[in-house]
Every structure is written in structure tokens, then in C-alpha cells.
1. What are the pairs, 6+ residues apart or on separate chains, where a residue within segment 158-169 that is in contact (Cβ under 8 Å) with a residue 24 or more places away in the chain and surrounded by fewer than 22 Cβ atoms within 10 Å (Cβ to Cβ) has its Cβ under 6 Å from a residue that is assigned to a helix (DSSP H, G or I) and of a type in the set (Ser, Thr, Tyr)?
2. Going through Phe53, Phe57 one at a time, which residue ends up being closer than 30 Å to Gln132 by Cα and free of Cβ contacts under 8 Å to residues at least 40 places away in the same chain?
3. Which members of segment 147-170 meet the condition of being among the hydroxyl-bearing types (Ser, Thr, Tyr) and more than 15 Å from the chain's Cα centre (by Cα)?
4. Of all helices (runs of 4 or more DSSP H) completely enclosed by segment 1-89, which ones contain at least 3 residues that are under 21 Å from the mean Cα position of the chain (by Cα)?
5. Only one residue in Leu143, Leu173, Leu118 is closer than 30 Å to Ile60 by Cβ, outside the structural domain of Leu26 (by TED's automatic domain parsing) and at pLDDT below 90. Which one?
Amino acid sequence: MADLFSDIINRCKRGDRKAQEAVYNLLAAKMFAVCMRYCRNRPEAEDLLQDGFVTIFTKIEQFQYNGSFEGWARKIFVNHALERYRTESRMAMIDNLESVEYQLTEEENTEEWVAYQLSEADLLKLINDLPQQYRMVFNLYVLDGLSHKEISEKLGISEGTSRSNLLRARGILKKQVNEVTKTIMYKQHANK
């Protein structure tokens, strides 16, 4: 399989349209899922998907077989999402980590954490509903495994801002999960 994929990539490097179509068909669904994590809606994700594949095919010569092609492609999509985010300058980050920590600590004392198994689709919807700046940091830290230092470099923010945005995103998600699970539990009790 790896040799077949290497052959397809080599054909893409020579400009073979059928090979490009094969790469698109192999990666489109996975990369669209990545795009949806960073975009507010489907049309925005579709635009990002298109832009990402254009970049893949124009820069495919840069792929040197050091790691997986899928991982290389994924970085392109994430970087496109981050660049789009920066250029649209929709970022209104929180700079004061201490006030956020205090606020969340107070919320945690009054809010009961209800553990209930939500579907992956429900969790992804909750993440997607986060304010843009929190969603970006949450995705990069939790789902993509970047450090606060790496996030600060990619987004042009301080590490403290990255930490505070992650903390706030987790607080919002915790509250939303509590609300959803309470609704589910109430419906289950009502149906008994």
C-alpha cells in the first residue's frame, strides 16, 4: 500500500491529474473533518478544503517522504485555517489568566460536573460552538497536541493568553456538557 501511495505521489509531482484525483479521493473526507473543526460552517470548511488541496498540489514537490503524506497534508490544512483566522483578524483573546482562573474556580465550586457519555458528534458540535478564539486554541492544544509555546507562535499570542483561552474553553465546554447531560437525564427520568 505504501508503495502504491508513493507511486501516486510521484505521479502527482509530475502533474498527473488522475493521480491528483486519487489523492483527493483518499484524503478529502479526513481533511474535511479537520476543516470543520476550525470553521464555523460547512461553506467555510468547503472553501478551506479547496484551498488546502490547491496548496498540496502546488507544493507537492516539497514532500520528502519524511513521515506520512497524510500528516504532511494535515499540517497544510491546519496552517491554512490558522492563516485564514489571522488574516480575518477575528481574534479577541483574553490576556488576563488570573481573572479567568478565579472565575472558573468559582464556577466549579457551584457547578456539579455530571459525567455522561455523549456521542462524538455531540462533543464536536459543542467544540464547534465555542467562540472562535477558544475553539482555535482548544483544537490546537487538545486535538492536535501542540504546546502553548507552539500555539503562541502560530497564533501570534502570548503563552499566557493561550493558557487562558484553553482554560476558558474547557470551562465553557464543562458547563455545556453539564447542561446537555442534565437534559438527557431529565428525559430519561420522564420516560420511566
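1. Once the first residue is in contact (Cβ under 8 Å) with a residue 24 or more places away in the chain and surrounded by fewer than 22 Cβ atoms within 10 Å (Cβ to Cβ) and sits in segment 158-169, its partners that are assigned to a helix (DSSP H, G or I) and of a type in the set (Ser, Thr, Tyr) give Ser158/Ser152; Leu166/Tyr141.
2. On the way: Phe57 fails: free of Cβ contacts under 8 Å to residues at least 40 places away in the same chain.
Selected residue: Phe53, the only one of Phe53, Phe57 that is closer than 30 Å to Gln132 by Cα and free of Cβ contacts under 8 Å to residues at least 40 places away in the same chain.
3. In the first step, residues of segment 147-170 are kept if they are among the hydroxyl-bearing types (Ser, Thr, Tyr); the result is 147, 152, 158, 161-162, 164.
Within segment 147-170, Ser152, Ser158, Thr161, Ser164 qualify.
4. Details: elements: 2-13, 17-38, 42-58, 69-87.
Helices (runs of 4 or more DSSP H) meeting the threshold: 17-38, 42-58, 69-87.
5. Details: Leu173 fails: closer than 30 Å to Ile60 by Cβ; Leu118 fails: closer than 30 Å to Ile60 by Cβ.
The conditions single out Leu143.
Yes/no matrix, rows are residues, columns are (1) modelled with pLDDT under 50; (2) in contact with a strand residue (DSSP E or B) (Cβ under 8 Å, 6 or more places away or on another chain); (3) closer than 29 Å to Val78 by Cα; (4) not assigned by TED's automatic domain parsing to the domain that holds Gln176:
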residue	(1), (2), (3), (4)
Glu101	yes, no, yes, no
Thr105	yes, no, no, no
Leu124	no, no, yes, no
Ile127	no, no, yes, no
Gln133	no, no, yes, no
Val137	no, no, yes, no
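The values are calculated or read from the model by the stated rules, or taken from the named source; none is laboratory data. Just so you know, these numbers come straight off a predicted model, no measurement behind them. Counting neighbours? That spans all protein chains shown, and the Cβs are built from the backbone with ideal geometry, glycine included.
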